[in-house]
Amino acid sequence: MVTRSAVLLVLGRVLIKAFLVALAVVVIYPLVWMMLNGVKSNSELFSNPFALPVAWKWDNYVTAWNRGVGDYLTTSVLVTVASTVATVFISAWAAYGLTRVNIPFNRVVLVLILGGLMLAPTVALIPLVKMFQSLGLYNNLWALLILYTAFRVPFTTFLIRAYMMDLPAEVDEAASVDGASKARAFWQVILPMCKPILVSTVLLNILFTWNEYLFAMVFTSGGALQTLPVGLTNLMSKHGTDYPVVFAGMAIAAIPVIVLFFAGQRYFIRGLADGVGK
């Protein structure tokens, strides 16, 4: 005999699955729509924007690439990879020192690092412009690398530190008994154990850097130095009437991050849950 509680349980699962499917459609449909409109003609786009393409014009993607999207993509990849590696390495090393090494005034150091979370980029914009101009780093990719790293280290350190705090102290003791130095224990013992949170922080920093607009707009003004968000804005201002090419450029900008997230989503969810939940 089927009980009422069993029926309610099944109904609840069905409703949850239906909600998740609807949520997935809401998220995925705009991306698919954008990619499909990138292979239409202008007339077809305006006449029926929600229909499948009649003639698949893949050359729109080639046109978008040749109109600067290729240069913007290269710059974004360079800045994103460099700043993400620097941010995660500095944050992991700082988290290791704050949790696994008995350093003096570690609480004060922690407060100073996390204090960076309270500094809004817009508030510091004018002083930063003046400082980078005096250092000769204005309109330079080094400016973006330094800024992205500096503004992401506090939050990244917070996540990695929370994860490291739950690692057993016996691990450090065993490494010390085996004759491993602190640096060797960090590279060969602690970091491999922190793989989930490291993947999570890498993906979070990639998403931030890939989509960041304010610093990229203010601190770079040359065509090849512009990242994808600023470059796509210029593409729309110069070729705004050629909407399929603009949609193609947006699709090119979105695809790498989507693929990367799906590749690391298992570690991302586990690491973020462990890091924030502890």
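The values are calculated or read from the model by the stated rules, or taken from the named source; none is laboratory data. Remember, it's a predicted structure, so these values are computed and weren't measured experimentally. Heads up: the accessible areas ignore ligands, DNA and RNA and are worked out on the full protein's heavy atoms, side chains in. Shrake-Rupley method; radii C 1.70, N 1.55, O 1.52, S 1.80 Å.
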Among (i) 1, 5, 11, 15, 17, 16, 14, 11, 7, 3, 1, 0, 0; (ii) 1, 5, 10, 11, 11, 8, 7, 6, 6, 5, 5, 4, 4, 3, 4, 4, 3, 2, 1, 0, 0; (iii) 1, 5, 10, 11, 13, 12, 12, 11, 9, 7, 5, 3, 2, 1, 0, 0, find the value of P(r) over Cα pairs in 5 Å bins from 0, in percent that was calculated from the structure presented, and write down its label.
(iii)
Among ALA86, ALA180, ALA224, which one shows the biggest mean-square fluctuation in a GNM of the chain, springs joining Cα atoms closer than 10 Å?
ALA180
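Extension gain GLN133-VAL81, at 0.36 nm per residue separation less the Cα-Cα distance, in nm?
Values: separation 52, 0.36 × 52 = 18.72 nm, distance 2.45 nm.
Net length gain for the segment: 16.3 nm.
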Summing -39500 (n - 2.57) over every DSSP H run of at least 4 in the chain, dividing by its residue total and rounding to the nearest 500, the 222 nm mean residue ellipticity is -23500 deg cm²/dmol
Could you sort LEU214, LEU73 by their accessible area in this structure, using a 1.4 Å probe and putting the largest first?
LEU214, LEU73
Students often forget the sequence filter, so: which aspartates and glutamates lie under 19 Å Cα-Cα from LYS40 once same-chain residues fewer than 8 apart are removed?
ASP59, ASP242
Most to least accessible of ARG152, ARG4 (protein chains only, probe 1.4 Å)
ARG4, ARG152
Setting aside same-chain residues fewer than 8 positions from LYS182, which lysines have a Cα under 22 Å from its Cα?
LYS195
Could you check which residue among ALA216, ALA18, ALA253 shows the biggest mean-square fluctuation in a GNM of the chain with a 10 Å Cα cutoff?
ALA18
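Hydropathy first: keep DSSP H helices in the chain averaging at least -0.5 on Kyte-Doolittle, then drop any whose Cα extent along the axis falls short of 27 Å, and list what survives.
Numbers: long enough: 4-37 (49 Å, 1.92); 70-99 (43 Å, 1.14); 141-164 (32 Å, 1.32); 243-277 (44 Å, 1.33).
Correct list, ordered by number: 4-37, 70-99, 141-164, 243-277.
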Cut-off 10 angstrom, C-alpha nodes, Gaussian network model of the chain. Which of ALA64, ALA120, ALA150 fluctuates the most?
ALA120
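Taking all protein chains together and a probe of 1.4 Å, list THR75, THR63 from the most accessible to the least accessible.
Details: THR75 10, THR63 40 Å².
Ranked list, largest accessible area first: THR63, THR75.
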Reach of LYS130 by Cα under 28 Å, taken over lysines that are not fewer than 8 positions away in the same chain
none
